C-alpha cells in the first residue's frame, strides 16, 4: 500500500476532485452535511472550523491510499483503513471525508481532513512522511496485503510535492517514479545482468542510459532519460547510483567493449580523422568526448566530469580574463579618441 499526502490552502477544489460525479463514491464522513452533502455544503462547513485559525497557511491535508492493481478491498475494509490512518496520524477530533475513486485501474481512496481540530488546536505535521510509512506497513499486515519496502529500505528518492500533485491530477506516476520502476524491473529479470543487456532492456522501454567515464578510465556515474526528462542515478535514490547498481547485480567489465561503446568509439575516430584531413585541430567538444569516454545507449555524449572546486575556479579565472581584456580594449579606444594638443609655433 502506498500513501501520498499533500497539504494545501483551500478545501473547495479538493472536495470537488474527491467527489466527482460518476467517478467516485463517498464512503464515510463525520460532517453534518452527511452522505447527501454537496461540494458547497462541505466547503462551508470546513470553513467554519478553518476560521478558528485564520493565520494558519495550510489547513488542508489531502492523502491518497493506493493498492496494487491485483489487490482489492471492500468498502468496509477501506473505511477501517481510513480510520486507522486518521487515528495513527493524530486526526482524532477533526473533520474528514473519505471517498473511493472508480475511474482508475489501481484501487485507491482519498482522505480529505482538516488539520485544525474542532477545539482549535492544529495537528502537527512533523515527520509525517516517516510516520505515514509506519502506518502503511501496519495496514499491509492487518489486511493481508503485499508488503512494500519503505523508501529508506528500497533506496528510492522520495517523490516531491509537485510529483504527488501530478500523480493525483493525472493518475499517472511521475517520470522519476517511472524510471525507478523500469530500472528495478530490468535488474530483477536476472540475478546478474550485463550492462549491455541492461541498456538494451531500458532502451526498449524508451529510456536512454548514459555512463560517464572519467580520465582515469573508470566509470564515475550514470544518468537516465525518459521522454526528455533526465535524472542522474543519485537523484533517483541511493539504490540507483553506479556503485549501487553494480551491487544489485549489474555487471560491467572495463575490458569488455559493448556495441554501444564500439559505435561511440568509431564515431569519435571518424570525427578525429576528418578534422586532421582538413588540417584542423580537434575542437574542445571532441577532445572532451574522447577524454571522458562517454558510454551508454543514448545518441548524444554525456557531459564531462569535473571536480566542483576546479570547475568553479576555472569559471572565476575566465571571468577575470574577460574583464581584463575588456578593460584593455576600453583603454585603447579612449587613447584613440583623445584629441591631440595643438603644435606650438616657434
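The values are calculated or read from the model by the stated rules, or taken from the named source; none is laboratory data. This one's a predicted model, so the numbers in the text were calculated from it and none came from an experiment. No Cβ is skipped: glycine too gets one built from the backbone with ideal geometry, and neighbour counts run over all protein chains shown.
Residues that are over 23 Å from residue 47 (Cα atoms) and assigned to a loop (DSSP other than H, G, I, E, B) within the stretch 93-138 comprise 102, 103, 104, 105, 106, 107, 126, 127, listed in sequence order.
Restricting attention to the stretch 172-196 and to residues that are surrounded by 15 or more Cβ atoms within 10 Å (Cβ to Cβ) and more than 26 Å from residue 252 (Cβ to Cβ), the residue that is modelled with the highest pLDDT turns out to be 174. Residues in the stretch 206-231 that are over 16 Å from residue 250 (Cβ atoms) and at pLDDT 85 or above: 9 in all. Going by the structure shown, is residue 35 outside any strand (DSSP E or B) and at pLDDT below 95? Criteria met by residue 35.
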